[in-house]
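Below: one structure, written as structure tokens.
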Amino acid sequence: MIDYRLLEALSAVIETGGFERAAEQLHLTQSAVSQRIRQLETQQGQPVLVRTQPPIATDLGRRLNNHLQQVRLLEHSLSQADQPLNIRLTANADSMATWLPDALATAQSSHRFNFDLIVEDQEIGLKRMRDGEVMACICAENQSVNGGRVQPLGVLRYRALASPDFIERYGLADTAALPNAPCLVFNRDDRLQHRFLADQGLHGPRRIHRCPTSEGFVRMAQAGLGYGMMPELQVEAALTQRTLIDICPGYHLDVPLYWHYWQTESEALADLRQAVAQHAGHRLRPMVY
């Protein structure tokens, strides 16, 4: 039998990123948390954490944490408890900056959740779910994780944009000049700009500004610091006011989005998923199969 007090300690260390914060969350001493982790490792016969800073779950630790998340969902569904359930959800920053907050609010069950949103690039967000760190994930991957399911949401359309002054300054009327112009990138995992350049038959950008917020990304482009791929939903006003214009008129890049969830889904989480999918159907472009 698994002692769930030990799993709670493991989950707290993974979620908070350290033993001290885990102790605060569980209202225990740091030594008590360490003792529970050691006891769990003794029971399992192998490590559940790599003692780095922050600690990293081993494969076994991730599987145990994943198991605990699913047990929490089942218990919440069976008890119909009034106590809010903490929901850890990964989503890409552009969804957070456009359609997702309204979608979460439309669910009848939203008042029963404390949302813990983790921003990850749409290409890699599923890793958090695969590692058992989150209960749901919005990302561009359509293959479900082991023990999970996937529901299509729609397509987020991106356009290659820059300010008119920037396009004139760097001579971008000729797309061959693009690799030498400063390029805006969300983070090291963001490959949309590279895909855009590849579609033009060009190599990757030689100059890069990294900006890890969607709002800052757009503002930097409007200020003339660089060009980049931006979601239509976020820049409608800028396009109308022509503070941003297309580098390649007619070009767009469509990124499909999917909701990933566990098969052991609670009634409240199913309501959330269905509400998000319905709202996404109104805001996102339909998928083409």
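From THR213, THR240, which residue is within 30 Å of TYR261 (Cα to Cα), surrounded by fewer than 15 Cβ atoms within 10 Å (Cβ to Cβ) and either in contact with a Lys or Arg (Cβ under 6 Å, 6 or more places away or on another chain) or polar (S, T, N, Q) (or both)?
Criteria check complete, one pass: THR213.
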Failed condition for ALA177, given (1) on the phi < 0 side of the Ramachandran plot; (2) crowded, with 19+ Cβ neighbours inside 10 Å, with all others met?
-> (2)
Can you name every residue in segment 270-284 that is surrounded by 15 or more Cβ atoms within 10 Å (Cβ to Cβ) and within 19 Å of MET96 (Cβ to Cβ)?
-> LEU272, ARG273, ALA275, VAL276, ALA277, HIS279, ALA280, ARG283, LEU284
Quick one: which helices (runs of 4 or more DSSP H) lie wholly within segment 1-56 and hold at least 2 residues that are in contact (Cβ under 8 Å) with a residue 24 or more places away in the chain?
-> 4-16, 30-44
Any idea which of (1) surrounded by fewer than 16 Cβ atoms within 10 Å (Cβ to Cβ); (2) under 24 Å from the mean Cα position of the chain (by Cα) is the one MET230 doesn't satisfy?
-> (1)
Among the listed residues LEU233, LEU244, which satisfies the condition of being assigned by TED's automatic domain parsing to the domain that holds VAL185 and out of contact with any Asp or Glu (no Cβ under 9 Å at 6 or more places or on another chain)?
-> LEU244
Name every residue in segment 111-133 that is surrounded by fewer than 18 Cβ atoms within 10 Å (Cβ to Cβ), in a helix (DSSP H, G or I) and of a type outside the set (Lys, Arg), in order of residue number.
-> HIS111
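Within segment 203-226, count every residue that is of a type in the set (Lys, Arg) and closer than 16 Å to LEU172 by Cα.
Here is the first cut: in segment 203-226, the ones of a type in the set (Lys, Arg) are 206-207, 210, 219.
Now narrow it down to the ones that are closer than 16 Å to LEU172 by Cα: 206-207.
Residues in segment 203-226 being of a type in the set (Lys, Arg) and closer than 16 Å to LEU172 by Cα: 2 in total.
Quick check on segment 28-48. Is at least one of its residues within 26 Å of the chain's Cα centre (by Cα) and not basic (Lys, Arg)?
Within segment 28-48, one or more residues are within 26 Å of the chain's Cα centre (by Cα) and not basic (Lys, Arg).
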What are the residue pairs meeting all of these: first residue in segment 102-121, first residue within 20 Å of CYS139 (Cβ to Cβ), second residue aromatic (Phe, Trp, Tyr) and modelled with pLDDT of 85 or more, Cβ atoms under 9 Å, and 6 or more apart or on different chains?
-> LEU104/PHE115; ASP121/PHE186
Those residues of segment 243-264 that are closer than 25 Å to MET287 by Cα, in contact (Cβ under 8 Å) with a residue 12 or more places away in the chain and surrounded by fewer than 20 Cβ atoms within 10 Å (Cβ to Cβ) come to a total of 8
Mind checking which residues of segment 184-197 are more than 20 Å from GLY125 (Cβ to Cβ) and buried (at least 23 other Cβ atoms within 10 Å of the Cβ)?
-> LEU184, PHE196
Please give the strands (runs of 3 or more DSSP E) falling wholly within segment 163-263 in which 3 or more residues are within 27 Å of PRO152 (Cα to Cα) and not charged (D, E, K, R).
-> 228-231, 253-262
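The values are calculated or read from the model by the stated rules, or taken from the named source; none is laboratory data. Quantities reported herein were computed from a predicted structural model and do not represent experimental measurements. As a convention, Cβ positions derive from the backbone with ideal geometry for all residues, glycine included, and neighbour counts pool all protein chains shown.
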